[in-house]
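S.K.: Before I ask anything, here is the structure I am working with.
The values are calculated or read from the model by the stated rules, or taken from the named source; none is laboratory data. These figures come from a predicted structure and were not determined experimentally. With ideal geometry, Cβ positions are generated from the backbone for all residues, glycine too; neighbour counts draw on all protein chains shown. For the accessible areas, the whole protein counts, side chains as well, though only heavy atoms, and no ligand, DNA or RNA atoms are used. Shrake-Rupley method; radii C 1.70, N 1.55, O 1.52, S 1.80 Å.
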Amino acid sequence: MATLIPPPSKKQRKEAQKAREVDIIPTDLPQVSIKFEALDTGESVGGSLRVPGGINEKQLEQLLNQLQGSAEDPVPYTFSCSIPGKNKEDPPQNVDITDSLWSSLLKPGYKTSEDQITLVFAPRAVFKVRPITRSSAAIAGHGSTILCSAFAPHTSSRMVTGAGDNTARIWDCATQTPLSVLKGHFNWVLCVAWSPDGDLIATGSMDNTVRLWESKAGKPWGDAMRGHSKWITSLAWEPLHLVAAGNRPKLASASKDGTIKIWDAALRTCLYTLSGHTNSVSCVKWGGQGLLYTGSHDKTIRVWDIKAGGRCINILKSHGHWVNHLSLSTDYAIRVGPFGPDGKDNPSPQEARDIAKKNYEKVVKRSGQFEELIATASDDFTMFLWNPLKSNKPLARMTGHQKLVNHVAFSPDGRYIVSASFDNSIKLWDGRDGKFIATFRGHVASVYQVAWSSDCRLLVSCSKDTTLKVWDVKTRKLSVDLPGHQDEVYTVDWSVDGQRVCSGGKDKMVRLWTH
């Protein structure tokens, strides 16, 4: 028997009876005065302009490209406008121009045609990542559950996974074959991380050690780095633009013993041990201004200044339960370093650092000032948005999830935050003020991780329900459903060039997905 569509619910019938609003732009709209202002530098472009009140986003884009002299090779832009809050003491809010000035600002009454409207513009990604639609390979090899995975920063043809069979493996994604097995740990490999120049891979294990490996040959780079008294929960490399040319980046490891150790990768010695957390450290991130951010099961987030010898400069307390994960607004820029879409093929060490610095500053600059925000996710079902250099009070509290929040990730341009929760949903938030935007529903079990595509238009999630799902950020809908795994999927990553997605989980198979 064919599946019958269920009858409309009471709510749907009520909606259908309502008078529909037709979005027609009035013909007698007066002209409005606008001014363009750059998001990163705060400089205005082209002075004050009179434009029709019904001008749409595409036309604004053309106008701005002509003013900047790039009409031949137009750059796509997003526009937003700052409006005062409802009450006097409320902070100003950002409204995105999604359709036209009339429907976004004039019709809701945020601005009138008498006001001078300042439109803040930011360039979008010039390239488009195609949504992945099929599983191109399922590769066996691991003898136990796959716990973590990461693509190389410089190419989508190399990927590393860590598993419960005490090994990490490097895979050649171009030929879809295993490249080398990294043997040495004698307990589960819980986390893997590529160094920002792509030369080394760090693995952290349940045997309390961190090991380094050469990424090309898959050979061990010296012996295990011992020092932690419990297992390693998270690893973070120093961003490339902070490393002097000719030096190796340093590595930070967080552990269940409540400490963070900073290692010299060339000498494989421990430089500092940062203690202060009173419980397991769940996540560590290395910011682009020489700060280290750590989230812990003691409900706090600590900020450490590595330039000052690892001094703790801020403690952020607001969560009511464990902090599970944290994300920086500059995560993507730090990961990509010199290897973005506009990077060179074989930059010299100094060139690589200059490109990495430029990429970082593109994302971190807001009206001429550096702003690195962090979002934290917790077992108390909430998330907080912080600017830890300015204050130890959060900018926003993000509520709405009904179970613990397991993973949080800023979009590559820092514009959005996405969170994955055990309540089967994924939520999208504004990365500037933490406002709720949308919920993606579709998974039928806990969502474990999410990964962004490098153009910020798509995201992929992996879940306990054995599927991956690709979501479209603009339409806020499911783009592609990707079944294939036989059991829970614990880890997912999208390569920097957008070509491939990798996933792994309980069925011990590494799956690669392409468009």
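S.K.: Which value, in Å² and to the nearest 10, is the accessible area of Asp497 when all protein chains are kept and the probe is 1.4 Å?
M.R.: Rounded to the nearest 10, that gives 80 Å².
S.K.: Report, in debye and to the nearest 20, how large the dipole of the chain comes out about its Cα centre when Lys and Arg carry +1 and Asp and Glu carry -1 on their Cβ.
M.R.: For the chain, the charge dipole is close to 1060 debye.
S.K.: Against the 2.2 N^0.38 Å scaling, with N counting residues, where does segment 384-465 land? I'd like the Cα-based Rg ratio to two decimal places.
M.R.: Normalised Rg, Cα atoms only: 1.08.
S.K.: Right, another one. Restricting to bridges with both residues inside segment 30-123, how much of the DSSP beta-bridge set is antiparallel, in percent to the nearest 5?
M.R.: 75 percent
S.K.: Tell me the accessible surface of Phe339 in square angstrom (1.4 angstrom probe, heavy atoms of protein chains only), to the nearest ten.
M.R.: 50 Å²
S.K.: Can you say what percent of the DSSP beta bridges in the chain, counting only those with both residues inside, are antiparallel? Round to 5.
M.R.: Of the beta bridges lying entirely in the chain, close to 95 percent run antiparallel.
S.K.: Which order do Thr439, Thr278, Thr514 take by accessible area at a 1.4 Å probe, largest first?
M.R.: Putting Thr439, Thr278, Thr514 in descending order of accessible area: Thr278, Thr439, Thr514.
S.K.: Determine which lysines satisfy two conditions relative to Lys261: a Cα distance under 16 Å, and not lying fewer than 8 residues away in the same chain.
M.R.: By straight Cα distance, Lys261 reaches Lys230, Lys250, Lys285, Lys307.
S.K.: Could you tell me the relative contact order of the chain? Use alpha-carbon pairs under 8 Å, at least six residues apart, and round to a whole percent.
M.R.: In percent, rounded to a whole number, it is 12.
S.K.: OK, next. Taking all pairs of different Cα atoms in segment 265-347, averaging 1/r and flipping that mean, what Kirkwood radius in angstroms comes out?
M.R.: 14.5 Å
S.K.: Scan around Asp493 for amide H atoms under 5 Å from its own, H built in the peptide plane at 1.01 Å from N, and keep only partners 5 or more places away or cross-chain.
M.R.: HN-HN under 5 Å from Asp493: Cys502.
S.K.: To continue, here is another question. Per the helix-only calculation at 222 nm, which mean residue ellipticity applies to the chain, given -39500 (n - 2.57) for every DSSP H run of n ≥ 4 and division by its residues, nearest 500 deg cm²/dmol?
M.R.: Result for the chain: -2500 deg cm²/dmol, rounded to the nearest 500.
S.K.: For the chain, what % of the accessible area comes from carbon and sulfur atoms, probe 1.4 Å?
M.R.: 50 percent
S.K.: OK, next. Work out the FRET efficiency for Lys86 and Ala122 from their Cβ-Cβ distance, taking R0 = 41 Å, and round it to the nearest 0.05.
M.R.: It comes to 0.95.
S.K.: Amide H of Leu271: which non-local residues (sequence gap of 5 or more, or other chain) have their own amide H closer than 5 Å, using H built in the peptide plane?
M.R.: Amide H neighbours of Leu271, under 5 Å, 5+ apart: Ile262, Trp263, Asp264.
S.K.: Suppose each label sits 7 Å from its Cα in the direction of the beta carbon; what would the Thr112-Thr177 distance come out to in nanometres?
M.R.: Between Thr112 and Thr177, the label points sit 7.3 nm apart.
S.K.: What list of ³J(HN,Hα) values in whole Hz, one per residue of segment 175-191 in order, does the Karplus curve 6.51 cos²θ - 1.76 cosθ + 1.60 (θ = phi - 60°) give from phi, with Gly and Pro shown as x?
M.R.: Per residue, the Karplus-derived 3J(HN,Hα) values read 9, 6, 10, x, 9, 7, 9, 9, 9, x, 6, 10, 7, 3, 8, 9, 8 Hz.
S.K.: Additional query: Using r as the Cβ-Cβ distance of Asn247 and Cys270, and R0 as 22 Å, what FRET efficiency do you calculate, to the nearest 0.05?
M.R.: 0.80
S.K.: Three principal axis extents, largest first, for the C-alpha atoms of segment 30-123, in Å?
M.R.: Projected onto the principal axes, the Cα atoms of segment 30-123 cover 44, 30, 22 Å.
S.K.: Points 7 angstrom from Cα along the Cβ direction at Val444 and Thr278: gap in nanometres?
M.R.: Reported label-point gap for Val444 and Thr278 is 4.4 nm.
S.K.: Can you classify segment 134-514 as rounded, prolate or oblate using the Cα gyration tensor, where a ≥ b ≥ c are the square roots of its eigenvalues, rounded means a/c under 1.5, and otherwise it's prolate if a/b beats b/c and oblate if not?
M.R.: rounded
S.K.: Still on this model: Please go through segment 64-140 and write out the chymotrypsin sites (Phe, Trp or Tyr not before Pro) that DSSP classes as loop and that have at most 13 other C-beta atoms within 10 Å.
M.R.: Sites meeting the loop and neighbour criteria: Phe127.
S.K.: While we're on this one: Around Gly310, which amide H atoms from residues at least 5 apart in sequence, or from another chain, sit under 5 Å from its own amide H, with H modelled in the peptide plane?
M.R.: Result for Gly310 returns Asp305.
S.K.: Return the distance in nm (one decimal) between the two label points of a simple spin-label model at Lys317 and Arg13, each offset 7 Å from Cα along Cα→Cβ.
M.R.: Placing both labels 7 Å along Cα→Cβ, they lie 5.5 nm apart.
S.K.: A further question on this structure: Spelling out what I want: for every residue of segment 495-503, take phi, set θ = phi - 60°, compute 6.51 cos²θ - 1.76 cosθ + 1.60 (Karplus), and round to whole Hz; glycine and proline get x.
M.R.: Coupling constants for segment 495-503: 5, 4, 7, x, 6, 9, 10, 10, 8 Hz.
S.K.: Per 0.36 nm of contour for each residue apart, how much would the distance between Thr155 and Glu214 grow if the chain were fully extended, relative to their Cα-Cα spacing?
M.R.: Gain on extension, Thr155 to Glu214, equals 19.7 nm.
S.K.: Heavy-atom accessible area per residue, the chain, 1.4 Å probe: how many Å²?
M.R.: With the other protein chains kept in place, the chain gives 45 Å² per residue.
S.K.: If you don't mind, another one. With a 1.4 Å probe and all protein chains in place, put His321, His407 in order of accessible area, largest first.
M.R.: Most to least solvent-accessible, the answer reads His321, His407.
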